[in-house]
Amino acid sequence: MSVSPAFARDIDGKAIAAQVLSEVKDEVGALARQQIHPALAVLLIGDDAASQVYVRNKLLRAEEVGIHSLEYRLPANTTQAHVLTLIAQLNADPAVNGILVQLPLPSQIQEHIVIQAIDPIKDVDGFHRQNVGGLVQGATVLTPCTPSGCMRLLYDTCGDLSGLHAVVIGRSNIVGKPMATLLLQANCSVSVVHSRSVDAAALCRMADIVVVAVGRPQMIDASWLKAGAVVIDVGINRIETQTGSRLVGDVDYVSARTVASAITPVPGGVGPMTIAYLLKNTVIATRLQLEESRTRAPEPQFA
Ligand code: NDP
C-alpha cells in the first residue's frame, strides 16, 4: 500500500500582506483626519532592472494605501555628493516622513555613507546604525522591512514563538542579522548559519523554524529539514528554463514541502511582506516625528 506524503501548507504572503496594507490604510486615514499626510521619498539611482520593478511596486502600493510618494530617478553616473545633498534636503523637509534609497547603488557611491546620511527617524529601511543599535537593545525603532515581514508570517503561522529553535541561514545586515535579533526578542533559541558554518544541514535539521536568506537558488532541500519545520524562504533568484526564465527561492520548494509543515512560496511569500512593512514603517516614522515635534522644547520667545 502506498502512503501519499503529507505536503506542507503554503504561507500566503499575498493575503497576509493585504491585511497589513489594510491596517496601514486605516492608520493613514486616522492621520489624515488630523491633517497629517505621510509622504515617502524613494531614490532610484541607475538602471538596474530588478530595482526598477521593486520601486514601481513600492510606489503603486503606497498610492493604494494613501501614502504620498516622491520619486527621484537619478542617472547611473550621479555623484555621491549629489545624492548626499538631496538626502540633506529631504531630511530637512518636514513634509517628507520616510526616505528610501533603493539598493544596490552604482559603484562610485558608497552604500554605508548614504545610509548614514539619512535622518534615523526617516530611515524607513531601518538600516541606519542608530536603528540597528536600537533594535539590538529592544528600543522602539524603525526595523528592517523584510525581517519584520517574516516575523508577521511566523506569528500568523505558529502563534507564540517562545522556546522554539530557529535557524537563520545567512547573516547579511539587511536580512540575516536583524532576523536573528527579532527571533531572539520573540524568545526563540536562535542559531545563525553562514558560509563558514560546519555541517550547516545538521544544525538546520534541529530547527522548528528555518529562515533562509542566502541568494543561492534552491539550495535548501528536504534533507536540511526536520519533519514539521516551518520554512520562510527570503530568496529571490531568476533562473533560466527551457521556456524562458522564472523566479525561485533559496529553498527547493517541491522537495522541502514533503517534510515541512508550512512554507512560503516564491513568488508570493516574503516579497509582498517587504513592501507592506515599508509602508507600515512610513506610518511609524510619521508618528515618531509627530511625537518628537510635540516633545521638543519650545523656542524661547523674545519680545
Ligand atoms: P547576501 O548576499 O548579502 O548574504 C547572503 C548570506 O548567505 C551571507 O551571510 C553568506 O554567508 C550566506 N551564504 C552564502 N552561501 C552560503 C552557504 N553555502 N551556506 C550557508 N550560508 C551561505 O544576501 P541578502 O541577505 O541580501 O539576500 C539573500 C536573498 O534574499 C537573495 O536571494 C535576495 O535576493 C533575497 N532578498 C529578498 C527580499 C525580499 O523582499 N523577499 C529582500 C532582501 C533580499 P557569509 O556571510 O559567510 O558570506
Q) If only one of 264, 258, 274 is more than 16 Å from the ligand (Cβ to nearest atom) and hydroxyl-bearing (Ser, Thr, Tyr), which one is it? A) 258
Q. Can you pull out the residues in region 204-241 that are part of a strand (DSSP E or B), open to solvent by 10 Å² or more (accessible area, probe 1.4 Å) and near the ligand (Cβ under 10 Å from one of its atoms)?
A. 237, 238
Q. Does region 153-176 hold any residues that are hydroxyl-bearing (Ser, Thr, Tyr) and either more than 16 Å from the ligand (Cβ to nearest atom) or open to solvent by less than 30 Å² (accessible area, probe 1.4 Å) (or both), and which are they?
A. 155, 157, 162
**Q.** Matching residues in region 180-192 - criterion: being aliphatic (A, V, I, L, M) and more than 9 Å from the ligand (Cβ to nearest atom)
**A.** 180, 182, 183, 184, 186, 190
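Which residue out of 69, 22 is touching a Lys or Arg at 6+ places or on another chain (Cβ under 9 Å), of a type in the set (S, T, N, Q) and outside the structural domain of residue 262 (by TED's automatic domain parsing)?
Values: 22 fails: touching a Lys or Arg at 6+ places or on another chain (Cβ under 9 Å).
Matching residue, one of 69, 22: 69.
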Q. Would you pick out the residues in region 87-104 that are out of contact with any strand residue (DSSP E or B) (no Cβ under 6 Å at 6 or more places or on another chain), within 18 Å of residue 55 (Cα to Cα) and open to solvent by 10 Å² or more (accessible area, probe 1.4 Å)?
A. 103, 104
Q: Give the residue, chosen from 260, 276, that is surrounded by 14 or more Cβ atoms within 10 Å (Cβ to Cβ) and more than 15 Å from the chain's Cα centre (by Cα).
A: 260
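The values are calculated or read from the model by the stated rules, or taken from the named source; none is laboratory data. From a predicted model like this one, the values you see are computed outputs, not experimental measurements. Backbone-built Cβ (ideal geometry, glycine too); neighbour counts: all protein chains shown. Accessible surface is based on the protein model in full, side chains and every heavy atom, while ligands, DNA and RNA are left aside. Shrake-Rupley method; radii C 1.70, N 1.55, O 1.52, S 1.80 Å.
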